[in-house]
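Working notes, beginning with the structure itself.
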Amino acid sequence: MTDLNANGRNMARTTTPSPSVTPSRLAAFLRWLRSDLRAALALTYLLILVLAAVLAPLLAPYSPTDQNIMNMLAEPSAEHWLGTDDLGRDTLSRLMYGAGNALYAAGLAVGVAVVIGVPVGVFIGFVGGWIDEVVSRVIDAVLAFPPIVLAVAITGALGIGLTNAMLAVGFGFAPYLARTMRAQTLVVRGSLYVDAAVGFGASRFHLIRKHILPNAIQPVIVEVTLLLAVALLAEAGLSFLSLGVQAPEASWGGMLARAYSYIEIAPAQMYAPGFAILCTALAFNALGESIRVLLDPTVKRH
Amino acid sequence: MHGVGRMVLRRLAQLIPVMIIATFVVFALVFLMPGDPAVTLAGEFASEARIEEIRALYGFDQPFLVQYANWLWNALHMDLGRSLFSNEEVSTLILSRLPHTVLLVVYALILGAVTGVPLGILAATRQGTRLDKAITSFASLGVAVPNFWLGIILVSTFALDWRLLPATGAVSIFEDPLQAIYYATLPAFALSTNVTAVLTRQVRSALLEVLGSQFIRTLRAKGLRPHAVLWSHGLRNIAATILTVAGLQFNLLFSSAVIVESVYAVPGVGSLISYSALNKDFPVVQGVALVLVVLVIGINLLVDVLNSILDPRVAAST
């Protein structure tokens, strides 16, 4: 008993700070959402989208690949809320499964960009000199490529498919993050408190981890959110060209490609996937802009 | 003019390494291919002789840098190899298709400029009003809308329902310029929304900054009429912004053209690269990527030069 008690008191002592931190952070988060309707709407939409994608196997009324040749290109009805496609597959179900692919694609591309871009940017900003000069020219060169052209070319080489396509898109995005991170690193490195830390004998690793990363990462967070929208649009476009998600798997871009083939028979089929892409891109953009305002109060909302 | 000349030289010195690295990226794409690139390039049922032929064509048996030097040398002489599919010269193929893409991109840029610049000016001069908010929201829509979806909707509405414009296809600008523009109108419009949106935003914020600056306040205090302030002082100072933003848009327009050309069955380089990537016609893919990246770098240089002629401060600062 005494042991348990002691343990309990010990636990209580060590955990006291965290319960007080979490609710206040949560409260600050909720206060932000209440003050920023745009961010609240965007987050709600994205949350619903993630749930729809994750729970698609449970929630979707039909399998995304089950064909029904007796009911092709059907109008919206009680059985098929958004109608069916040219193979009689339920559009709503395909839309929900497509959400998973879209989010996976956007996350993968931006993840690749972060993993390459952030360390490279910090490194060249930190060491400077000829290494910085050379890598900066490589960054300029990659940025000179039209993004979809580079993505198509890399996908063509690696082999066609969603994962390869998004690796390619992510590679194309990495220079944007590297450039931002480099500029931020230069600013932080030149500031007085970093000089002070160097004076106290701080190691390079300590400088990067404790001073440069936390201070330089803010604009990257904004950029990452905005890049999610670009990556989503890229996935839709590449899947429209059949370079991304492969049939019979569902993707919004692929659905639009099929809908376009039957546009004269069933024009209604072209709306739902397009709106899904538009709304998701809008949500990422809105969230990015709101985070920008939140992190940098000097930015006016104009 | 002296400053401009020096600026061009300095920019060229910066651009040459960028150009070399960009060409290297295009060349190195071959090495991303899984397995032996010669086997992959030859296709599924290729004979041993065909594989050897491709190996010799690309020079895969030679050291890496020698391969690159050879490839670059040939590329400089307009020799980009032959299509693995049709056996056509890649350079001829690209040259015959490039005008379609350039027409679309320039047309879209003009459409974007004639809508985006006035919208930006209107929003800035009516800052905070409902009109400003409407224009800003419209710009947010413009960057988020998938161009190819807009393209599909335009086909459905303007071509199939109203029969106003042709749904798909293209006419060469050299054969019949008027018909070419007529055919390019819908795809160019589908491409232009991004330009409109970005120009609206940038012109608006640049103009707000200029109009809020000290010298404009002085001009107003001296009694200059608001119209005169806007037209002869405000706009002159945002000309460089417009030019720079427009120059940067080329890159993204070529990017969107890859997908929009497929929607409208335009035989440009955009549909060429996606079709070739699907069919593993790799020399063509490389050729298109190379030509477009060189074009983009060239356009950026041109924009810098124009900017420094327009605004001598730019030339002095670089």
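What the table shows:
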{"item": "Hits in the stretch A:245-269 (condition: in a loop (DSSP other than H, G, I, E, B) and open to solvent by 40 Å² or more (accessible area, probe 1.4 Å))", "result": "A:Gln246, A:Ala247, A:Pro248, A:Glu249, A:Tyr262, A:Glu264, A:Ile265"}
{"item": "Helices (runs of 4 or more DSSP H) (entirely within the stretch B:112-229) containing at least 2 residues that are over 30 Å from B:Tyr264 (Cβ atoms)", "result": "B:130-144, B:177-211, B:214-221"}
{"item": "Of the criteria (1) assigned to a helix (DSSP H, G or I); (2) closer than 15 Å to A:Ala268 by Cα, which one A:Met72 fails", "result": "(1)"}
{"item": "Selection count where residues are at the interface with chain B (Cβ under 9 Å from one of its Cβ atoms) and in a loop (DSSP other than H, G, I, E, B), scope the stretch A:284-302", "result": "1"}
{"item": "Scope the stretch B:156-169; condition open to solvent by less than 40 Å² (accessible area, probe 1.4 Å) and either among the hydroxyl-bearing types (Ser, Thr, Tyr) or closer than 14 Å to B:Gly268 by Cα (or both); matching residues", "result": "B:Ser156, B:Thr157, B:Gly169"}
{"item": "Within the stretch B:184-207, tally of residues that are out of contact with any Ser or Thr (no Cβ under 8 Å at 6 or more places or on another chain) and open to solvent by 30 Å² or more (accessible area, probe 1.4 Å)", "result": "4"}
{"item": "Residue selected from the stretch B:284-299 under the condition open to solvent by 10 Å² or more (accessible area, probe 1.4 Å) and touching a residue at least 60 places away in the same chain (Cβ under 8 Å), by the criterion nearest to B:Tyr182 (Cα to Cα)", "result": "B:Val291"}
{"item": "Residue list for the stretch B:14-42, restricted to those being under 19 Å from B:Leu72 (Cβ atoms), open to solvent by 50 Å² or more (accessible area, probe 1.4 Å) and more than 9 Å from chain A (Cβ to nearest Cβ)", "result": "B:Ile16"}
{"item": "Qualifying residue in the stretch B:43-53 (condition: within 14 Å of chain A (Cβ to nearest Cβ) and either more than 22 Å from B:Leu95 (Cα to Cα) or under 28 Å from the mean Cα position of the chain (by Cα) (or both))", "result": "yes"}
{"item": "Test for A:Ala151: is it over 20 Å from B:Gly298 (Cα atoms) and at the interface with chain B (Cβ under 7 Å from one of its Cβ atoms)", "result": "no"}
{"item": "Lone unmet requirement of (1) part of a helix (DSSP H, G or I); (2) away from every other protein chain (no Cβ under 13 Å); (3) under 30 Å from B:Ile299 (Cα atoms); (4) open to solvent by 80 Å² or more (accessible area, probe 1.4 Å) for B:Gly5", "result": "(4)"}
{"item": "Long-range neighbours under 7 Å by Cβ, at least six apart or interchain, first residue at negative phi within the stretch B:221-241, second part of a loop (DSSP other than H, G, I, E, B)", "result": "B:Ala240/B:Asp311"}
{"item": "B:Val145, sole failed condition from (1) of a type in the set (A, V, I, L, M, F, W, C); (2) in contact with a Pro (Cβ under 8 Å, 6 or more places away or on another chain); (3) under 23 Å from B:Leu199 (Cβ atoms)", "result": "(2)"}
{"item": "Filter result (open to solvent by 20 Å² or more (accessible area, probe 1.4 Å) and more than 7 Å from chain B (Cβ to nearest Cβ)) within the stretch A:270-283", "result": "A:Tyr271, A:Ala272, A:Phe275, A:Cys279"}
{"item": "Members of the stretch B:238-265 that are open to solvent by 10 Å² or more (accessible area, probe 1.4 Å), more than 8 Å from every other protein chain (Cβ to nearest Cβ) and farther than 30 Å from B:Ile121 by Cβ", "result": "B:Ala265"}
{"item": "Neighbours by Cβ (under 6 Å, 6+ apart or cross-chain): first from the stretch B:267-283, more than 7 Å from chain A (Cβ to nearest Cβ); second of a type in the set (Asp, Glu)", "result": "B:Gly268/B:Glu261; B:Gly270/B:Glu261; B:Ser271/B:Glu261"}
{"item": "Qualifying positions in the stretch A:208-243 - open to solvent by less than 10 Å² (accessible area, probe 1.4 Å) and over 30 Å from B:Ser256 (Cα atoms)", "result": "A:Ile212, A:Ala216"}
{"item": "Candidates A:Ala202, A:Ala216, A:Ala250, filtered to the one that is of a type outside the set (Phe, Trp, Tyr) and within 30 Å of B:Ala190 (Cα to Cα)", "result": "A:Ala250"}
{"item": "Number of positions in the stretch B:219-232 that are open to solvent by less than 60 Å² (accessible area, probe 1.4 Å), under 25 Å from B:Arg313 (Cα atoms) and not aliphatic (A, V, I, L, M)", "result": "1"}
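The values are calculated or read from the model by the stated rules, or taken from the named source; none is laboratory data. None of the values given here were measured: they were computed from a predicted structure. Cβ: placed from backbone, ideal geometry, glycine included. Neighbour counts: every protein chain shown. Quick note on the areas: whole protein, heavy atoms, side chains included, nothing else; ligands and nucleic acids left out. Shrake-Rupley method; radii C 1.70, N 1.55, O 1.52, S 1.80 Å.
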